[in-house]
Amino acid sequence: MMHVGPSLTEPETIDAILHFMDENGLKINGLHHEIYLSDPRKTAPEKMKTIIRYPVK
């Protein structure tokens, strides 16, 4: 899932991912990964983009 905003608001995105997983019978199968698409030295916090991924089974 794409998270847009500062890292402080990532828990809201993670909650949405976990809710989706629960509704679709998916279980976490390992550690989550974050892929940072924005450079925090050059991007305003509200425009930061991060892909948050959970492996599922």
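Values in this text are rule-based calculations from the coordinates and carry no lab data. In this text, all values refer to a predicted model and were calculated from it rather than measured experimentally. All Cβ positions, glycine included, derive from the backbone under ideal geometry; neighbour counts span all protein chains shown.
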Checklist entry - What are the principal axis extents of the Cα atoms in the chain, in Å, biggest first? => result 39, 17, 13
Checklist outcome for this item: Any aspartates and glutamates whose Cα falls less than 17 Å from that of Lys57, other than same-chain ones fewer than 8 residues away, would be Asp22, Glu23
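Lys and Arg at +1, Asp and Glu at -1: add these up for the other residues within a Cβ distance under 15 Å of His19 and post the number. Please report the intermediate quantities before stating the final value.
Numbers: positive: Lys27; negative: Glu10, Glu12, Asp15, Asp22, Glu23.
In short, -4.
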Checklist entry - Once the Cα atoms of helix 10-23 and of the chain are each reduced to a long axis, what angle between those two axes, in degrees from 0 to 90 to the nearest 10, is obtained? => result 20 degrees
Checklist entry - In whole percent, what relative contact order does the chain give with Cα contacts below 8 Å and a gap of six or more residues? => result 50 percent
